[in-house]
Amino acid sequence: LGKYSKIGSISDKVFTLYYDHMGFIHKLTPDHFEAGGSLAAFGNSKGIFGQAFDMGFDTALAPQYLTLNEMIFYAYVPKNEPKDRVHTKQFYDIHFGKLIHSRKTGTAYIRKVFQHNTPEGFLSSVIAELIDPFGIEEVNESSCLSSSLSISEAGNHSYKLSLQLQSVISSFQDSDIEKTVVIPGYSSFLITTILDNENALAVATMPEIVPHNMTFQKDSWFLYNFGKRNGQTWNIYAKPCNYWFQQHDDSLSLSVLKYIDLGKSHTLKMKVIPNTKLLRTLEIPLLQVIVGNPNLLEVKVEGYFDETDSYIMEVSTASKTLHQGSTSLEFIVWGASTECYVTTFVPMLKSSCSYLKSMHHIPSETIPLEDWMSGVYVNSQGFNMIKVLPINYRPPSNMGIAIPLTDHFYHADPSKPIPRNLFYKSKRSGKFKQCANATTRKECNCTNDQKFSYAVAFSDCREKVPRFKFPVIQYPVSLQVYSEDGNFPVETPYLVTVTEVNNRENWNLRHTVPENVKKMKAYLESILSVPVYNPLGLNLSIKGSELFHFRVSVVPGVSFCNLVEEFQIYVDEVPLPFPGHTLIAVAAAVLLGGLIFIAFMFQIRNIHPWDTFKKLIRRNNLVHR
């Protein structure tokens, strides 16, 4: 601590000392926190663990009125003051925005701080706005107020104050030293020496407007006491917090993180509610915003006062094309008191994908969780809409139900046999994922979330899927995007691709394409080499059987996010399995062809079965007669 090393003794066994941003030293112990004075700025270590943050210093102040509501306070430095102590009797920038309090009454708000060499004896001063009027000295405190006062030059930058006695008890006293004579419209005078009962020496705050050889009657001049001779009569404290910081969404966090997706925008709205009881005038601007990286986002700022004199700032931010990164926005109240809990609000903005943004398929009918657990959910037509998949199930391939070719198992259990595994190609396909290197289903460690997940990565864990009756016609594929700002349906400019993860066929999609999207759709299909669909009004039809597993992906270029969603449909109660219809048709054709061939042979051999049948009938009738 150098020359300020004598700060007193500390009896605590565990403690920490540190300086804050104001230059105050503090002591922190496991039991409590204590605030002290400003050791660094003023070198005064007395009462370091006192309760008040007094930024005053050891000298007299001389007040000078500028207007009814504005004053200048000059800090007095005696001529014989040692040079190494001069700095302890001056105002500094640290005093800006603080409050001067009088021990008697009165408060003023420091708005400007000056360093200067003139007038003589005053090396610094402050301009302060009067909040509460300062109390003046009474006759019983300074008897000289009972007399008239005349002013004349005394030489050496001093002025002589002389009383025109009107009372035998009126006189200057030693207690009047360091008090200030204030004369409205003229310079003020700080009393430095008492010559006798009727005369005193003083220094002028504004020599240019000193009233030379003039006499001021009783009650036309006043005395203010901002001295230190009889104890400190003034103090400087941090002003109390004179505003409330309010965020538009009433968030209590001071470091909000907002994501802005490609082509999206976000508006931040901050409100500063001032305490007009403390200040007569508002500081403009109350709030300023600083953009950390101005090249990342398009930023527009608008500030205004509302009808309650609160200052509101709206900052609109929008992402630039394909620019990703992060930046900060600093909302700063420059005129804020250090007593305020919040003086700066720093939200972070990221031009990128939010971790909370995702796309979800909205099923045509919602099945409660308890029904999923039980495996039974009967709709209004009496159809159970939940299918419990067989163990180690694999969907059929285009070669037939008995020849699965997919690598994805469903409801996997390594300890159980694999069905439909007779053909060579089926034996080569099929790989466990969650259940890899496991010997039982329990060792797969499937969570409930994984058991109900549609993601192909957790197909081993999936036990139950939505069940539909054959055929599935015009099933609405409804998609929504969820984020921290709410949810919205997926529609243009979002375009999607749809694939079946097990490479199954016998399904198709229908959708309507607006005229303004057709060119973009054709362009994307030429690049991606897959069909591109408009997600709004997308309908699915399935003519196959058993499990279909679909993946829907948003095409790149409309979002920083890789938006992907999967859903499953199990088609059951197919009337006849393939190739039943064809076999019946072939049998009917063979039977009909055979009948035509027999009739043809009878005709070429002149055989008439009907005539023969009639002769036979007649012969039988003659025999019976």
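Overview of results
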read-out	value
Options 387, 357; residue that is in contact with a Lys or Arg (Cβ under 7 Å, 6 or more places away or on another chain) and modelled with pLDDT of 90 or more	387
Selected residue (criterion: nearest to residue 63 (Cα to Cα)) from residues of region 160-189 that are in contact with a Lys or Arg (Cβ under 7 Å, 6 or more places away or on another chain) and surrounded by 16 or more Cβ atoms within 10 Å (Cβ to Cβ)	178
Test result for residue 339, open to solvent by 40 Å² or more (accessible area, probe 1.4 Å) and in contact with a Pro (Cβ under 6 Å, 6 or more places away or on another chain)	yes
Output for region 128-152, where each listed residue is out of contact with any helix residue (DSSP H, G or I) (no Cβ under 7 Å at 6 or more places or on another chain) and open to solvent by 30 Å² or more (accessible area, probe 1.4 Å)	132, 133, 136, 138, 140, 141, 152
Listing of strands (runs of 3 or more DSSP E) fully contained in region 322-436 that carry 3 or more residues being closer than 30 Å to residue 240 by Cβ and under 46 Å from the mean Cα position of the chain (by Cα)	325-332
Subset of region 190-216 that is polar (S, T, N, Q) and open to solvent by 10 Å² or more (accessible area, probe 1.4 Å) - its residue that is nearest to residue 71 (Cα to Cα)	192
Where residue 463 falls short, out of the listed (1) closer than 30 Å to residue 380 by Cβ; (2) of a type in the set (Asp, Glu); (3) free of Cβ contacts under 8 Å to residues at least 24 places away in the same chain	(3)
Residue satisfying all of: in region 109-127; in contact with a helix residue (DSSP H, G or I) (Cβ under 6 Å, 6 or more places away or on another chain) and assigned to a strand (DSSP E or B); nearest to residue 83 (Cα to Cα) among these	113
Odd one out for residue 506 among (1) surrounded by fewer than 16 Cβ atoms within 10 Å (Cβ to Cβ); (2) more than 38 Å from the chain's Cα centre (by Cα); (3) free of Cβ contacts under 8 Å to residues at least 60 places away in the same chain	(1)
Sole exception among (1) open to solvent by 40 Å² or more (accessible area, probe 1.4 Å); (2) without any contact (Cβ under 8 Å) to a residue 60 or more places away in the chain for residue 379, by number	(1)
Residue 138 being at pLDDT 90 or above and outside any strand (DSSP E or B)	yes
Checklist (1) at pLDDT below 85; (2) within 30 Å of residue 160 (Cα to Cα); (3) of a type in the set (Phe, Trp, Tyr) applied to residue 243, failing item	(2)
Subset of region 293-325 [surrounded by 15 or more Cβ atoms within 10 Å (Cβ to Cβ) and of a type in the set (Ser, Thr, Tyr)]	310, 311, 316, 317, 319
Which listed residue, of 392, 437, is open to solvent by 50 Å² or more (accessible area, probe 1.4 Å) and at positive phi	437
Pair list, Cβ < 9 Å and 6+ apart or interchain, from region 591-608 residues that are without any contact (Cβ under 8 Å) to a residue 24 or more places away in the chain to residues that are in a helix (DSSP H, G or I)	602/609; 607/601; 608/602
Leading residue by the ranking (modelled with the highest pLDDT) among those in region 279-314 that are touching a Pro at 6+ places or on another chain (Cβ under 9 Å) and of a type in the set (A, V, I, L, M, F, W, C)	313
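The values are calculated or read from the model by the stated rules, or taken from the named source; none is laboratory data. Small disclaimer: the values here were computed from a predicted structure and weren't measured. Every residue, glycine as well, gets a Cβ built from its backbone with ideal geometry; the counts of neighbours run over all protein chains shown. Quick note on the areas: whole protein, heavy atoms, side chains included, nothing else; ligands and nucleic acids left out. Shrake-Rupley method; radii C 1.70, N 1.55, O 1.52, S 1.80 Å.
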